[in-house]
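Bear in mind these aren't lab numbers, they're just calculated from the coordinates by the rules spelled out. All figures in this text were calculated on a predicted structure; none of them were measured in a lab. All Cβ positions, glycine included, derive from the backbone under ideal geometry; neighbour counts span all protein chains shown.
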Amino acid sequence: MTSPELRRLLVVEDSESDVELLREALADSEPRVEMDIVRHGEDALAFLRREGQFTGAAAPDLVVLDLNLPRMGGFEVLRALRADVDPRLRRLPVVVFTTSGATSDVETAYDLHASSFVTKPTAFEHYLDTVRAFREFWLRVARLPAGA
């Protein structure tokens with residue numbers, strides 16, 4: 001289990017610029033944040049299940065999931081997690097963080113039991129504000145389930 005002074009995020013994002021923006025916005029976080037990055041949905045599931053090259057992966061406290069991913073999209077990842085036999089994966093908080101603001105995407109994400117849905121702002125200052133608000137709620141206010 002991660003200590004209250006440290007939070008571990010699994011970021012499922014294929015855009016290097018979005019990963020760098022997240023790093024910058026979370027750099028001064030309290031509690032501190034460590035990020036593991038995977039670039040597509042298949043690796044996200046392998047990471048969370050600790051399979052293949054990810055057998056030694058540390059369990060995240062929270063998943064930040066883009067929807068538009070190569071090979072396996074975010075909805076498929078969410079569907080697989082919520083159907084997993086491992087209760088730790090079924091209850092793991094997943095924040096959908098995507099460019100889409102489509103009502104159908106929001107509804108589908110919540111139908112698949114996403115913990116929240118956040119649309120990425122396009123302006124840099126708004127992006128940082130959004131991530132800071134996300135950070136404040138998910139890493140300081142919300143009580144997260146214990147990791148494995």
Pair-distance profile P(r), taking every C-alpha pair of the range 61-148, with 10 angstrom steps and integer %: 17, 47, 32, 4, 0
Sorted peptide list for 22-29, 88-95, 138-145, criterion being average Cβ within 10 angstrom, highest first: 88-95, 22-29, 138-145
Separation of alpha-carbon centers, the range 79-148 and the range 35-58, rounded to whole Å: 18 Å
Packing rank of 59-68, 115-124, where each peptide gets the mean count of other beta carbons within 10 Å, highest leading: 59-68, 115-124
Paramagnetic reach from His113 (point 7 Å along Cα→Cβ, amide N under 15 Å) across the range 68-93: 76-93
The range 14-87: radius of gyration and largest Cα-Cα distance (Dmax), Å: 12.9, 36
Stretchable slack from Glu30 to Ala133, in nm (0.36 nm times residue separation minus alpha-carbon distance): 35.8 nm
Whole-number percent relative contact order across the chain, with pairs defined as alpha carbons under 8 Å at least 6 apart: 25 percent
Residues with amide H under 5 Å from that of Ser15, placed H, sequence gap 5 or more: none
Nearest-20 debye value, the chain charge dipole, Cβ charges on Lys, Arg, Asp, Glu: 600 debye
Long-range HN-HN contacts of Arg7 with modeled amide H, under 5 Å: Arg32, Val33, Glu34
